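Worksheet: the structure to be examined is printed underneath.
Read-outs throughout are calculated quantities, based only on the coordinates presented, and are distinct from any laboratory measurement. Here the structure is a predicted model, which is why all the values come from computation and not from measurement. Here the Cβ positions follow ideal geometry from the backbone for every residue, glycine too, while neighbour counts run over all protein chains shown.
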Amino acid sequence: MGTNNMTRRQLLRTGALIAGGLPFAGGMLQKAAASPAAPFAPGTRAFFQGSYMLTDREIALGGPRELKARLFANENPFGPSDKAKKAIVDAMAHSYQYPFMFQEDIYGKIADYEGIQKENILMAAGSSPLLMASAMYFSKPGGNIVTGDPSYEDLPHKASRFNEKWVKVPLTPDYKLDLDAMEKAIDGNTGLVYICNPNNPTGTVLDAEKLKSFCERVSKRVTVFVDEAYIDYLADPMGMSMIGAVKAGQNIIVARTFSKLYGFAGLRVGYIVAQPEMVKKLSDYTEGPNSISATSIMAAIASYQDKEFLMGALKKTLASRDYLYEVLKKENYTYIPSNTNFVMFPIKMDGERFAGEMMKRGVGVRSWTLAGNPNWCRVSIGRMDEMEVFAAAFKELS
């Protein structure tokens, strides 16, 4: 492990970078950016477009434990549901037992709802272990992974740790993944094409028919991984999902998580849907359902497709998002219309400084680099009271 990298993380943990908020140590960041060969720890984004970007975890550990508005991690502040909470309590009495049968129950619920077989499903403690399993399986000497830029970085960064080349394809002018350009970027060494739809951090969504056509065509050449972490925020999740491509026998992997609309970010439940042969291959690289606690499994069973709760959480999210739109408009800011529980917009000051000033005011947000411009902000959608705190802090800086 590189000395510079260890020093940076130690400073982040002790809050030396975030004394009273989140102002960044410019000299240290310049030093980090000048060392592109430095290794990075699991879960970090290391160097992105020439500058170090803090992860959600690093922001959480480096900032105050209690924030007025925690808007940096794309969490659902309205969940988990009351049914999930009750299931957790009820599960405690039997948590001395391995939850083998309950694992089968949640597999059965997902299979029945999606019209697939249990053999098409692989679960784990959140989608992160499944992204890691895919990164390990598809990485090979001289190989590459094709993604959009920017997009969710977990899987490609993990693949980079196994010497996989990361081929980044710029977004379209309307900030969507450029499927045509991504297809052209595929070559004989491509092991995987990674699609995050809706995309993080832009919140944009692809045309369903175009993506289905892309998957059918490209999957004949290379495996396509479609990450649908935010699909529950769409008006028609089933119509937009690529699980139908798996049912049609295509070489597609679809990732889902309970971490977003279900409110399970801390409970850790996720799964992939793929061909049975692929499920078997990836299961060699992860503990799978055995990594999920009995309490989390029971909570997932209780809340899976709980329409009343999901619609309620979605309605409140959309109300908070609309409020954010109005705040930005009143301050003469533009934004990328979002299909998710976060919004990205360009800011009129240095991005790192903006994030630091907001943190001083008790509001955690993410600064971002988009198309070479480092002065963008991504705001996760919170409760209305959190959005009002954001608005007050934002007006002081805008």
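Quick notes on this one:
- The Cα trace of segment 126-202 gives Rg and Dmax of 11.9, 35 Å, the first to one decimal, the second as a whole number.
- Look at where the Cα atoms of segment 88-163 and of segment 327-394 average out, and the two centres are 30 Å apart.
- Taking the square roots of 5 times each eigenvalue of the Cα gyration tensor of segment 62-211, largest first, gives ellipsoid semi-axes of 33, 22, 17 Å.
- Gain in span if fully extended, E104 to R383, counting 0.36 nm per residue against the direct Cα distance: 97.0 nm
- Fewest-first sequence of K307, K260, K68, K329 by Cβ atoms within 10 Å of each Cβ: K307, K329, K68, K260
- Counted over segment 264-343 with a bin width of 5 Å, the fraction of Cα pairs per bin, in whole percents, is 3, 11, 15, 14, 14, 13, 12, 9, 6, 4, 1.
- Phi angles across segment 86-97 convert, under the Karplus curve 6.51 cos²θ - 1.76 cosθ + 1.60 with θ = phi - 60°, into 3J(HN,Hα) values of 5, 4, 4, 5, 5, 6, 4, 4, 10, 6, 6, 9 Hz, Gly and Pro given as x.
- Counting neighbouring Cβ atoms within 10 Å and putting the fewest first, the residues M278, M349, M242, M101 line up as M101, M349, M278, M242.
- Taking Cβ atoms as reference points and 12 Å as the exclusive limit, the residues near K118 contribute a net charge of -4, counting Lys and Arg as +1 and Asp and Glu as -1.
- Cβ-based exposure ranking for F78, F162, F264, F100, in which fewest neighbours within 10 Å come first: F100, F162, F78, F264
- The alpha-carbon atoms of segment 123-281, seen along their principal axes, cover 39, 33, 30 angstrom, with the largest extent given first.
- Assuming charge only on the beta carbon of Lys and Arg (+1) and of Asp and Glu (-1), the dipole of segment 82-303 about its Cα centre is about 320 debye to the nearest 20.
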